[in-house]
Amino acid sequence: MHSWTDTLRFAFQPVVNLTTGGVAALEILARPETGDILAEARRDPELDGRLAVSAVRAAARRETLLPLHVNVFAGTLADLGGLTPLHTAVRAAGRLPWEVTIDVGPPYTHVPQQALLEAVGALRGQGFRIGADGVGDGDVPLRLLTDLAPDLVKLDASLLARPAAVRAMRTLCDQLGALLSVEGVETELQCAAAVSAGAQLAQGNLFAPPARLPAADVYVPPRSPGASAPSRSGPSVRQFVRPAALLAATASAGRVRALLTGSPEVSGVLLVDAHGVPVRSVHRSRFLLSMSGRYGHALYADRPAAKLGDPPRTVGIDATAWEVLDVVAVGERDRTSDDVAVVDRYGRCVGVVRLADLVRALAESRVEEAAGLNPLTRLPGSDAITGEVDRRIADGRTFALSWLDVDHFKQVNDGAGFAAGDELIRSVGRALQHAASGSTHVGHIGGDDFLVLADPDGLDPVAASVLDAPWSAGGRAVSLSLATVLCTPGSVTDHRQAAAWLAPLKKAAKSIGGASWVLGRAGLPGHEVRRGAQASAAPVGCGVAEPGPG
């Protein structure tokens, strides 16, 4: 009698890091030659568990050092209460549980949620990482997704047609401490959309199709200028994590040498304790130099590799690229090329980052920032502000968007000269920067127009800094007008709608003589005059026309 294993083969598909362009992991996919064993596994938890074990053994036969993704149905975990045989198989293959992500897939309907959460908790206790698979095209409840608190969320590529949903999921992932991946990417346009929406990982036939042998190379489309806009605090280290070459802290120097000589792409090895915590770092060049010296192999081959290693440099998974550079800058100069270990909240290694990746990304971010600065005030342009507006909308935050300009600025230039006009603009910009604090962002969108994005309680200091100060150009008194739209969660869908509500408020502010400030609320007609000849603390309702669509 033939066993189901006789007609079952496994294929490997790379999970690609969209920032570094490298392979972050391999997903192991069951490929039956006859029948539909996956449909059977959906109905039979024991069979599904055996499939997961077989997948790990198949990866071990291919001798891949990359982290692995293994698929398991949600119902399997709830029914079995865990996967003890999988843990045993991983250890037998010489791998560590935290190198394996269990992709929990749909269907979730009729799966006992408490039993599923308990099973996931047991897997985490063994060291496994958890991925939520099929999100966006499956039936995973949002509440369950947050309760699972996965390390990775996999979105179906069909969701890329709804970028707002992908950005919202990225926001949720950031709050859960998870990475966002898109699977099923087939075209360069989809890849660009995934990058633009904030996905950090992706997989699909565009990069490499599933294959019997793990792919040595993948195709990653070049990133277009401005495709990523890292924050001023620096991009997250999560964007740069590469797979780590891990061995037990007791590994011999001969074992490390065999790994390095057989894997030329590995720049170093981390020696970890029984819990996956890095204890020593072995740098490729320094180690091989020691081993290749006279009597080196004879002296060291059977000794612990830890004697040829250094204390590991580590950062938390929530660190920024700048924080990694701070770690690299401390210590011996000859260790600047060492990989930095990235650890989770338990101190376990989840990968490494390379200095070259960080320097390249930070240099690109500085070039992009410089290109977006207004040459007169050195303030960011409208793109930086509108991007932050969209992020706050996705986060469900209340915010105030303000538009400030100089009254009758053309007459200022004509009467006092453009040099005096330029100095006035620079002075206004400096005043705004000085008043901005915390989460307040100031932008110069050209001419005499400025944008200010603030929390509602940060409005008054900014308004006072520019409206209460005496302004002049070439000896001529000058006044400023400020218009603000207050946006609460759900009142606008993107920065374009916020700008549409702001435009008539600016017109209303300009109609008031002298320094003026008008405030309105998105979704509601009317406005409140806070400064100017008609200033009043009356509630909203002064007849501003409601903007049309767009």
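The values are calculated or read from the model by the stated rules, or taken from the named source; none is laboratory data. This one's a predicted model, so the numbers in the text were calculated from it and none came from an experiment. So basically every Cβ, Gly included, is an ideal-geometry build from the backbone, and we count neighbours across all protein chains shown. Ligands, DNA and RNA are stripped out before the accessible areas are found, and what is left, the full protein with its side chains, is counted by its heavy atoms. Shrake-Rupley method; radii C 1.70, N 1.55, O 1.52, S 1.80 Å.
Here are the numbers for this structure:
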| quantity | calculated |
| --- | --- |
| Convex hull volume per residue in cubic angstrom - Cα atoms of the range 1-122 | 125 Å³ |
| Cα pair distances exceeding 16 angstrom across the range 115-195, given as percent | 51 percent |
| Aspartates and glutamates with Cα under 18 Å of LYS506, excluding same-chain neighbours fewer than 8 positions away | ASP405, ASP407, ASP448, ASP449, ASP460, GLU528, GLU546 |
| Förster-model FRET efficiency, 41 Å R0, LYS507 and LEU325, C-beta, rounded to 0.05 | 0.30 |
| Student exercise, the chain dipole from Lys, Arg, Asp, Glu Cβ charges, in Debye to nearest 20 | 1220 debye |
| Convex hull projection area averaged over all views, the range 447-521, Cα basis, nm² | 5.6 nm² |
| Cut-off 12 Å between beta-carbons: net charge of the residues surrounding PRO489, Lys and Arg +1, Asp and Glu -1 | +1 |
| Within the accessible area of the chain (1.4 Å probe), percent carbon and sulfur | 53 percent |
| Whole-percent pair-distance distribution, where bins are 5 Å wide, for the alpha carbons of the range 92-131 | 6, 22, 25, 23, 13, 7, 4, 0 |
| Net charge of Cβ neighbours under 15 Å - reference PRO209; Lys, Arg +1; Asp, Glu -1 | -1 |
| Summed residue charge, Cβ within 13 Å of ALA149's Cβ, Lys/Arg positive, Asp/Glu negative | 0 |
| Helix-derived mean residue ellipticity, 222 nm - over the chain, DSSP H n ≥ 4, -39500 (n - 2.57), to 500 | -11000 deg cm²/dmol |
| Per residue value of the accessible surface for the chain (all protein chains in place, 1.4 Å probe), Å² | 46 Å² |
| For the range 164-217, convex hull of alpha carbons as volume per residue, Å³ | 84 Å³ |
| Proximal lysines to LYS510, defined as alpha-carbon separation beneath 21 angstrom and excluding residues fewer than eight positions away on the same chain | LYS410 |
| Distance histogram in 5 Å bins (all Cα pairs of the range 69-140, percent per bin) | 3, 18, 29, 26, 14, 7, 3, 0 |
| √(5λ) per eigenvalue of the Cα gyration tensor, the range 415-540, largest first, Å | 25, 17, 14 |
| Relative counts (whole %) of C-alpha pair distances in the chain, using bins that are 20 Å wide | 19, 42, 27, 11, 1, 0 |
| List ARG242, ARG162, ARG397, ARG313, ordered by accessible area with a 1.4 Å probe, largest first | ARG162, ARG397, ARG242, ARG313 |
| For the range 79-218: rounded, prolate or oblate by the Cα gyration tensor [a/c cutoff 1.5] | oblate |
| At 1.567 mPa s and 4 °C, Stokes diffusion of the range 408-448 via Kirkwood alpha-carbon radius, µm² per second | 116 µm²/s |
